[in-house]
Structure formats: structure tokens, C-alpha cells
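Before any comments, here is the structure.
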Amino acid sequence: MNRVAGRLMTAALLMAALPAQASFGNGIRVGGAEGRLHPFVELELRYDSYVAAYYQPAQTSGDLILHVRPGLLLNVPGDTVAVDLRAMLDWAQYFGLQDSPSKVVSSKDLSNLFATVSLGVGFNRRGQLGLEIDERFARSNRPAVYSIAAGIISNYNDLSLSVPWRPGGGALTVSVGGDWALESFEAFKSGQICSSSTVNPYCDSIYLSKLGYSNLGASLGVNWKFLPKTAALLDLSWFDRVPNSALYSIAGTGMRAQAGVTGLVTTHLAATLKGGYGTTLGLTLDPGAVPQADLSRFGTWLALVSAEWIPSSLSNLKLTWNHDLGFDPGTTWALYTITRVSLEGKSKLNSVLSAAVFVDWALLTYRDAAKTSSNVITARPSLQADLTRWLMLELAYQYTDRTTDAADAPPGWKYSKHEAWLRGVVTY
């Protein structure tokens, strides 16, 4: 693993040896005068107060993690073809600062390689008929699903295509799209991280492989600008969840329908208001699954209300409240409603410093016999310094707390942790 880290650092240093046509912060010209390719490298030193929140049963003490993230950023604007790409590797090196010879496992064994890729390609964006292709991939130790919250690696890939039609000059846009998402899970070196005396299903690589799934979707969206900066919205979508094994996860189809408006209320206030309904249409599960889940239809109302205050081009503050339907891998805690309130803002203090804040509260109410609920609270203030065009520094702190009233909560459903990090980004 140390060899991998060494190679990543070497690759980051080699970025400085690019042709003379490139300069720090300005990148390499591609695809015309406005297209730019930016190699970059991020170095982040992070302290995590509770490593076991994600890696049961490693240790309840904290650890220091070094992230080395070389990557590429490509932006090629254009009316005929536009391309946006961000690709980044992430080597996470755990130091094991509080490990001792008496420990059965070491947090240093958690060191691993992660990655994120996002690619967007747009065709004929100013024409009457266009095409949008979006690809996203993430290999992460913090999956987006709530039902699986500890000791795993998620490999998530999502490919979406949409065809926007803009008749009559673009005041009306009708988009038809399709989406295909795949997610698989794997254990963290199960022989090292999970001791034989601990009963943890997330240590079983065979079990985790069966929690993977494929999700197919289709959508229809309508955006009508009945005022210059205000639009009416209609969003219809259908999905089909196909798990790797119907013995370990519920399979099913469902739909969402929402309508609303979005736009500027005043010159400094923007708002969005949407409402609708989401429901499953059919659920299936292998009869041999234990416990046998409720397979009747599960639906809830949908709502999104957001208000954004924009006092100037350098500052904004946004408050969002939404209610949605959730569908995760598993059986007992696969279906739930989620109510979320978030506040996020950013302000540029001077020509160098910017301050940001993010606060989020999520309430999950599961459709199980006990009506289990779970609360997740996140608070993150940060400072960012844009020292030059090619060098950025960030200092941040995050508090995360998850609680549940489940009698026999899965690993990672109850924890409280503090994280602090210093991140530097050098961009060519």
C-alpha cells in the first residue's frame, strides 16, 4: 500500500513537468481558445475522533489520516459540444497514532485507494434539440445509503442521458431522460479489521456482494419560463430497483411526480417550491428471507421548499426543507421517509479569504414493524484562502451525530464524531 502512495506522490510531482505552453493556474489550452485542462493535486491532513463510526470494530479512539489526491479538471465550453470532466484518485493513509501492541486490529490497516469521476458532455445546447450525457463514479468509504453505515467500501456508478427539446426560442424546455445506476459493496480487509469474536454482517464479503443493486430510471421534465426569471416545473420519474439477490434486498418499482415554481422573488431573493407524491408500485422479496419484510405499497408526499438570499455576488445564504421517499439495500430497513432541513452559506471576506457554513438535520422514519427512526446531524464551518490562482488552502471542522431508537441497531447507526482538516490544492 505504501508503494501505491509513493506512486501517487510521484505522479503529482510529474505534473509540474508539463510543457511550457501551460502555466500554474492557467492550465493547458485544449479545444480552442477557451478550453482548459488543469492537472491538480490535493493534500489533506484530517483528524477523525471516532474511526469506529465507519470501521467497526477497529477502535473507539481517533486517528490522523493523510489524503493524497492527484486529478484532472477539464472544461471545454461550446455551443456545438461542451465537455466538463473532474477525475481524482484519493489515497487515504491512516497513521494508527493511538494503536498499541495489545490491539487486535490496527487503524493503519484501513489505508485504501478511493476515486471520484464526473463527466458531462452536452451537444447543441443552444439549439432546439440537444443531448446531455452525464457519468458519475465514486469509490468511497462513506456510502450515500443510510441502511449500511459502517465498515464498507461503496463502488457507485451512474450513467444518465437526457434529450432536451426547446421549441419557440427556449422559454419552454421538455426533457426526456434515462438513468442507470450500479452500486456494489465490499468489506474493509475483513480478515484484519473484523475480529472473529465480533458479530458484524458488514465484515462478510459474500453478504456485502449480495447487497449490490442495479437501478434503472426514466424521467420527463418540463420547465416553462412564464416570466424572464421565473419558471414552472413538472418532474415525472419511474424507477426499477433490481438487487443482486432478492434474498438479501427488496426489489421493486416506483414513481415520483412533482410540480412547482422556481425563480427570483426579488433582486436578492430566489425561491423554489415543489410538491407531489412518491410511491412504490410493486415490491418483491425471496420468501426465504428472514425477517420477511412488508411488501405492500409504500408511498409518501413529496415537498421541496428553498429560499436563497443573495445580498451580493460575493455572498449567499440558502435554507432548504424537503421530504422524500427513500429506498436502500436490505430488507427490514430498506424503505423510509426522510425529512431534511439544511442551511448553507458562503461569503467572501476579502480578496483572499472566504467563509462557509453548512448545517444539516435529517430525520429518517422506516417502514418496519417498530416504526424505527434515525436522526443524523451535521455541522461544518470552514475557511478558504485563495492565495494565488494556483494555490488554495482550506481549514474546516465537522461535527456528525447519528442516533436511533432501534432496539438492535446495525453497526454505525449510533455515533458522535469530530473531524478537522487542513487541505491544500495546487492547480496547474
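Return the only residue of Gly278, Gly260 being surrounded by 16 or more Cβ atoms within 10 Å (Cβ to Cβ), under 21 Å from Ser147 (Cβ atoms) and not β-branched (Val, Ile, Thr). Before you say what the answer is, go through the steps one by one.
Numbers: Gly260 fails: under 21 Å from Ser147 (Cβ atoms).
None of the others qualify; the one that does is Gly278.
Give me a count of the residues in the range 257-297 that are among the hydroxyl-bearing types (Ser, Thr, Tyr) and within 20 Å of Phe327 (Cβ to Cβ). Break it down into steps so the answer makes sense when it comes.
Restricting attention to the range 257-297, the residues satisfying the condition of being among the hydroxyl-bearing types (Ser, Thr, Tyr) are 262, 266-267, 272, 277, 279-280, 284, 296.
Subsequent filtering for residues that are within 20 Å of Phe327 (Cβ to Cβ) retains 277, 279-280, 284, 296.
Of the residues in that region, 5 qualify.
If you go through the range 281-321 one residue at a time, how many are in contact (Cβ under 8 Å) with a residue 60 or more places away in the chain and of a type in the set (Lys, Arg)?
0
Would the range 253-264 turn up any residue that is more than 15 Å from Ser214 (Cα to Cα), in contact with a strand residue (DSSP E or B) (Cβ under 9 Å, 6 or more places away or on another chain), among the β-branched types (Val, Ile, Thr) and without any contact (Cβ under 8 Å) to a residue 60 or more places away in the chain?
Within the range 253-264, the subset more than 15 Å from Ser214 (Cα to Cα) is 255-264.
Subset that is in contact with a strand residue (DSSP E or B) (Cβ under 9 Å, 6 or more places away or on another chain): 255-264.
With the extra rule that they be among the β-branched types (Val, Ile, Thr), the set shrinks to 261-262.
Okay, now just the ones that are also without any contact (Cβ under 8 Å) to a residue 60 or more places away in the chain, so 261-262.
Yes.
Got a sec? Which of Gln128, Gln98 is surrounded by fewer than 17 Cβ atoms within 10 Å (Cβ to Cβ), over 24 Å from the mean Cα position of the chain (by Cα), farther than 28 Å from Val376 by Cβ and of a type in the set (S, T, N, Q)? Please lay out each step first, then the result.
Details: Gln98 fails: farther than 28 Å from Val376 by Cβ.
Result: Gln128 is the single residue among Gln128, Gln98 that is surrounded by fewer than 17 Cβ atoms within 10 Å (Cβ to Cβ), over 24 Å from the mean Cα position of the chain (by Cα), farther than 28 Å from Val376 by Cβ and of a type in the set (S, T, N, Q).
How do the pairs read when you match residues in the range 401-428 that are closer than 17 Å to Tyr366 by Cβ with residues anywhere that are assigned to a strand (DSSP E or B) and of a type in the set (Val, Ile, Thr), using Cβ under 8 Å and keeping only pairs 6 or more apart or on different chains?
Arg402/Val376; Arg402/Ile377; Trp413/Thr404; Lys414/Thr403; Lys414/Thr404
Kindly provide the set of residues from the range 217-252 that are without any contact (Cβ under 8 Å) to a residue 40 or more places away in the chain, within 30 Å of Trp309 (Cα to Cα) and aliphatic (A, V, I, L, M), ordered by number.
Selection gives Leu227, Ala231, Ala232, Leu234, Leu236.
Out of the residues in the range 302-343 that are more than 25 Å from Thr404 (Cα to Cα) and either touching a helix residue (DSSP H, G or I) at 6+ places or on another chain (Cβ under 6 Å) or not hydrophobic (A, V, I, L, M, F, W, C) (or both), state the one that is surrounded by the most Cβ atoms within 10 Å (Cβ to Cβ).
Of everything passing the filter in the range 302-343, Glu308 is surrounded by the most Cβ atoms within 10 Å (Cβ to Cβ).
Which of the residues belonging to the range 131-143 are out of contact with any helix residue (DSSP H, G or I) (no Cβ under 9 Å at 6 or more places or on another chain) and either at pLDDT 95 or above or closer than 21 Å to Glu42 by Cβ (or both)?
Quick first cut of the range 131-143, residues out of contact with any helix residue (DSSP H, G or I) (no Cβ under 9 Å at 6 or more places or on another chain) only: 131-140, 142-143.
If the condition is that a residue be out of contact with any helix residue (DSSP H, G or I) (no Cβ under 9 Å at 6 or more places or on another chain) and either at pLDDT 95 or above or closer than 21 Å to Glu42 by Cβ (or both), then Leu131, Glu132, Ile133, Asp134, Glu135, Arg136, Phe137, Ala138, Arg139, Ser140, Arg142 are the ones that fit.
For the range 402-428, which residues satisfy the criterion of being exposed (fewer than 15 other Cβ atoms within 10 Å of the Cβ), part of a strand (DSSP E or B) and acidic (Asp, Glu)?
If the condition is that a residue be exposed (fewer than 15 other Cβ atoms within 10 Å of the Cβ), part of a strand (DSSP E or B) and acidic (Asp, Glu), then no residue fits.
Since Leu349 meets every condition but one in (1) within 25 Å of Leu319 (Cα to Cα); (2) surrounded by 15 or more Cβ atoms within 10 Å (Cβ to Cβ), which condition does it not meet?
Unmet for Leu349, out of (1) within 25 Å of Leu319 (Cα to Cα); (2) surrounded by 15 or more Cβ atoms within 10 Å (Cβ to Cβ): (2).
When the residues of the range 111-154 are filtered to those that are aromatic (Phe, Trp, Tyr) and touching a residue at least 24 places away in the same chain (Cβ under 8 Å), which remaining residue is nearest to Leu64 (Cα to Cα)? Before the answer, list the steps.
Filtering the range 111-154 down to residues aromatic (Phe, Trp, Tyr) leaves 114, 123, 137, 146.
Narrowing further to those that are touching a residue at least 24 places away in the same chain (Cβ under 8 Å): 114, 123, 146.
Working: Phe114: 17, Phe123: 45, Tyr146: 25 Å.
Only one residue fits best here, namely Phe114.
The values are calculated or read from the model by the stated rules, or taken from the named source; none is laboratory data. From a predicted model like this one, the values you see are computed outputs, not experimental measurements. Positions of Cβ are backbone-derived with ideal geometry, glycine not excepted, and every protein chain shown enters the neighbour counts.
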